[in-house]
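Before any comments, here is the structure.
The values are calculated or read from the model by the stated rules, or taken from the named source; none is laboratory data. Quick caveat, the model's predicted, so the values are computed rather than measured. Neighbour counts run over all protein chains shown; Cβ positions are idealised from the backbone, glycine included. Please note that ligands, DNA and RNA were not included when accessible areas were found on the heavy atoms of the full protein model with its side chains. Shrake-Rupley method; radii C 1.70, N 1.55, O 1.52, S 1.80 Å.
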Amino acid sequence: MTSAPILLDVQNLTVEFMTRRGVVRAVQQVNVSVAKGETVGIVGESGSGKSVTSYAVMRILDRAGRIAEGAITFSGIDVRDAPESEMRDLRGREISMIFQNPRAALNPIRKVGHQIEDVLIEHVQASPSDAREKAIEALRRVRIARPEERYHAYPFELSGGMCQRVVIALALACQPQLLIADEPTTGLDVTTQKAVMDLVVELTRERGMSTILITHDLGLAAAYCDKVVVMEKGKVVEAAPSRDIFKSPQHAYTRKLMRSTPRIGVDLRDLLPEDMPPPAAQVASIDAATDKAPLLVVSNLVKEYPRQGVSGMMAQFFRRKNELPQSDVFRAVDGISFEIRKGESVGLVGESGCGKSTTSMMVMRLLDPTGGMITFDGDDIGAIPAKEFAKLPKRKRIQMVFQDPTDSLNPRFTAVRAIADPIMRLSDIRGRAAVRARCEELAGQVGLPEDLLDRFSHQLSGGQKARVGIARAVALNPELVILDEPTAALDVSVQAVVLNLLQDLKASLGMSYLFVSHDLNVVRLLCDRVIVMRAGKIVEEGLTEEVMSDPKTGYTRELLAAIPHPPL
Amino acid sequence: MNRRPNPETAAIAVTEPPLPTLAPPAAPARTSAQHMSFLAHARYVITDNPVTGIAFGMFLVIAFCAIFGPWIAPHDPLASNTGSALQAPSLRHWFGTDQLGRDILSRVIVATRLDLAIAVFSVALVFVLGGLSGVAAGFFGGWTDRIVGRVADTIMAFPLFVLAMGIVAALGNTVTNIVIATAIINFPLYVRVARAEANVRREAGFVQAARLSGNGEYRILLTQILPNVMPIMVVQMSLTMGYAILNAAGLSFIGLGVRPPTPEWGIMVAEGAAFIVSGEWWIAFFPGLALMLAVFCFNLLGDGLRDIVDPQRRT
């Protein structure tokens, strides 16, 4: 690869943003070079400047940002000083970009086939007469089954993975020399992620294209890149061929990042940085927990949703003759049964749409089941309507940590008010000072500095918001806490700290966890047992280690195989 | 395809505390930057968009006239003097005099209070009624939504000014009824804004979290949803304020509501209109100008407030 000519060369790039609080240097003195046919990964956590670097290369920084220093050369063209008309020509035809959210990148009210045609015609790759044919061909190349039919599909009719394929088809339609993929698989399931990344690599290799993969996931970068550039706080801390970087990382930050990435054969405590002292209370209570009475028993749980527009008279009338009448209900959860014992952590794993969130909402009593029983500590709580359950004393025994720490905090509330809310409503603690004292105690337990308690949620970082959410969930000393992907929105190093915090809290407060996640690697770290769901049914259930090392069903094997593993 | 980086989030690297018990190293710096004083924020907004500053200045002048009008008016607004009727603007009468010899400048200043009061009370009334029913419709959905929605649609189905005329004519020709009529015709606007804002937050994480904390649905509506809908409603208030003034003046113009000789911009324009043909333009012009500036001021203020409230415009 080293002998190939350099396609893109970024030298000493510094990007500045003018903000209300003065100039912020988002990227400082960054050097990156991409050879022809090479795949380069830019890895870093949020705020590391990895996306800004790629925007500078495309010269699509927003008006507050400017390239302050350095040179960007793309196959002989000086990107920094090139006229806008030349850049417009370059973008799309020579350099293409894939964005994180494929649905947002597609026009929601235009058929995907037409959107591909637009790009082809815009860049004179097709004439109106053969555009349709070429668009279908482009869809076929990204391995979309039945491309002639999908040509007429609107983005909302396609799954996330399919949409990303269409975006890739758009990006590759004009045979660019460089593809910039900005977190192309974040938000997609692991199996879809694998399929999409395999496709990108295969297509770019086929055409001798260069690729820049921007990601926070070291495993992904290791699996698909020739060279990896690690960025931290706007600076490149390490750049090396990916094999070397994983074998002998030079920089402390790279090592920290690698340490905190969940991977096979690693304990939860191993994720923490080296300089962090091991937690005092290492309580292994798995054996003690197993012989205890079940806390939660779910039996034959069903949730059905009516299908829209299938059963109505108009729908009957307009149905095509050869179309089979669909059943008019959709079963999101299809008769599942499991139990959680006191002090146990159970993982509920599956891809998006498998019904794991619906299950957790029903157990949480935020959603009424269609059928089945939810027995909590001997009482059938499934029979109590969700609206009434909110006011019962039992409410405080089941709590939840939500997926998105930002969305789950009221933007108009301070942290202390968010934590105080359940205390004021459901506990015996009364009086301003007492509630405040309890909030401070909780903040101490979750490691939230007290001076942050009076801040609003937008003044807190992602990890701090996650702590507020956890403090709120444990405020009432619940017996069962449902964790709905509590770390999905966090950086890996923050995820490592939060997972350890959850483990410590569980040990010290004696709670049971139902951990809902799509990531088997994360679930493995925290859970004693794991349940794998697919299409509303449980496909596999067992002790975590057994399921991970010796999966019984093909689906679990597929899930495990799709997780990219950094070669450590 | 243009996902632009938000400079603030892209640029400020958030340092996570390595130890759960340690404060983040970046905390002190962030505290001073984030706890920006209100004055500094206001100054930033005004320098970023000078028009908002101008609008705010105009608002202060209008508010001053409304409060202190009777004291700052150079003449008695009701005192007629047939000897000096229909005089053109001069040093003695800056805005001239009308057909009864009353000083137009004084009448324009004194009228501010009445016009502003009608607008403020009608907007406050519709803010409470429309805002609450809209938020309830958006949050509860179902029958609440259907009923509130249909009521709003029914009001929208009429030409609004004609509806206001009808209400005042039916209820009786008083200032209170102008306030009620103005509130009713603005009702659909408030309902729609509040409904949309509440609806997107219906299943938000913090609402679910509030349910887990033992809050009932009404409590969630009042303590969780309403504070989030407020900012956009305040913008709506400012925007409809201009419309309310215009509506009140319009009703007076056609002879409903306020009656002469009470100084009111709409009546003054109506009275002056007859004299424009004969060349006495100032009788209708100055109250009309005051009306226009007031409406203009509130619309600009609304736009400025929207910029302040919209977090995407905050950089």
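Looking at the calculated P(r) for segment A:1-122, what percent of the C-alpha pair distances fall above 19 Å?
56 percent
According to the square roots a ≥ b ≥ c of the eigenvalues of the Cα gyration tensor, what is the shape class of segment B:86-179, taking rounded for a/c under 1.5, prolate for a/b larger than b/c otherwise, and oblate for the remainder?
prolate
Tell me the volume per residue, in Å³, of the convex hull enclosing the alpha carbons of the protein assembly as shown.
225 Å³
Treating cross-link reach as a plain straight distance, find the lysines whose alpha-carbon is under 25 Å from the alpha-carbon of A:Lys134, omitting any fewer than eight places away in the same chain.
The qualifying lysines are A:Lys111.
Give the whole-number value, in cubic angstrom per residue, of the convex hull volume spanned by the C-alpha atoms of segment B:210-315.
Spread over its residues, the Cα hull of segment B:210-315 gives 131 Å³ apiece.
When only DSSP loop residues count, what trypsin sites (Lys or Arg not before Pro) in segment A:484-552 have their Cβ near at most 16 other Cβ atoms within 10 Å? Mind showing how you got there, number by number?
On the way: sites: A:Lys506, A:Arg524, A:Arg529, A:Arg534, A:Lys537, A:Lys552; in loops: A:Lys552.
Counting only loop positions with at most 16 other Cβ atoms within 10 Å, the trypsin sites (Lys or Arg not before Pro) in segment A:484-552 are A:Lys552.
Mind running the shape call on segment A:134-211? Use the C-alpha gyration tensor, a ≥ b ≥ c as the square roots of the eigenvalues: rounded below 1.5 for a/c, prolate if a/b tops b/c, oblate otherwise.
On the way: a/c = 1.86, a/b = 1.16, b/c = 1.60.
Oblate, because a/c is 1.5 or more while a/b does not exceed b/c.
Give me the base-10 log of I(q)/I(0) for segment A:378-458 at each q in 0.13, 0.27 Å⁻¹, Debye formula, one uniform scatterer per Cα, rounded to two decimals.
-0.50, -1.37
Interface B/A, total buried accessible area with a 1.4 Å probe, nearest 100 Å²?
4900 Å²
Just the number, please: Stokes-Einstein D of segment A:72-113 in µm²/s, Kirkwood Rh from C-alpha pairs, 37 °C, 0.692 mPa s.
264 µm²/s
For segment A:463-568, what % of the accessible area comes from carbon and sulfur atoms, probe 1.4 Å?
Taking all protein chains in place, segment A:463-568 shows 49 percent carbon and sulfur surface.
Considering only protein heavy atoms, what is the solvent-accessible area of B:Asp76 at a probe of 1.4 Å, reported in Å² to the nearest 10?
Counting only protein heavy atoms, the figure is 90 Å².
Which one of B:Leu246, B:Ala209, B:Val191 has its Cα pushed farthest toward the positive end of the charge dipole of segment B:173-295, where Lys and Arg give +1 and Asp and Glu give -1 at the Cβ?
Farthest along the dipole direction, towards plus: B:Ala209.
When Rg is the radius of gyration of the Cα atoms in segment A:336-439 and Rh is its Kirkwood radius, what does Rg/Rh come to?
1.00
Express in Å², to the nearest 10, the accessible area of B:Arg102 obtained by rolling a 1.4 Å probe over the protein heavy atoms while all chains stay in place.
Spelled out: B:Arg102, probe radius 1.4 Å, area about 10 Å².
Using only the Cα atoms of segment A:35-83, each taken as one equal point scatterer with no solvent, compute I(q) by the Debye sum, divide by I(0), and report log10 of the ratio at q = 0.13, 0.15, 0.32 Å⁻¹.
-0.36, -0.48, -1.28
Heavy atoms only, probe 1.4 angstrom, no DNA, RNA or ligands counted: give me A:Arg455, A:Arg66 ranked by accessible area, highest first.
Working: A:Arg455 5, A:Arg66 120 Å².
Sorted by accessible area, descending: A:Arg66, A:Arg455.
Going Cα to Cα from A:Lys235, which lysines come in below 19 Å? Please leave out same-chain ones fewer than 8 positions away.
A:Lys50, A:Lys227, A:Lys256
Mind ranking B:Phe56, A:Phe389 by accessible surface for me, highest first, 1.4 Å probe?
Output order, biggest surface exposure first: B:Phe56, A:Phe389.
Going by a ≥ b ≥ c, the root eigenvalues of the Cα gyration tensor, does segment A:432-496 fall in the rounded group (a/c under 1.5), the prolate group (a/b larger than b/c) or the oblate group?
Here segment A:432-496 falls in the oblate category.
Determine how large the accessible area of A:Ile144 is when every protein chain is in place; take a 1.4 Å probe and give Å² rounded to the nearest 10.
In the full protein context, A:Ile144 sits at about 10 Å².
For the pairs A:Lys194/A:Lys552; A:Lys342/A:Lys391; A:Lys396/A:Lys506; A:Lys465/A:Lys537; A:Lys465/A:Lys552; A:Lys356/A:Lys552, note any where the Cα-Cα span goes beyond 27 Å.
A:Lys465/A:Lys537; A:Lys465/A:Lys552
Using just the helices of the protein assembly as shown, give the 222 nm mean residue ellipticity in deg cm²/dmol: DSSP H runs with n ≥ 4 each add -39,500 (n - 2.57), and the total is spread over all residues, rounded to 500.
-15000 deg cm²/dmol
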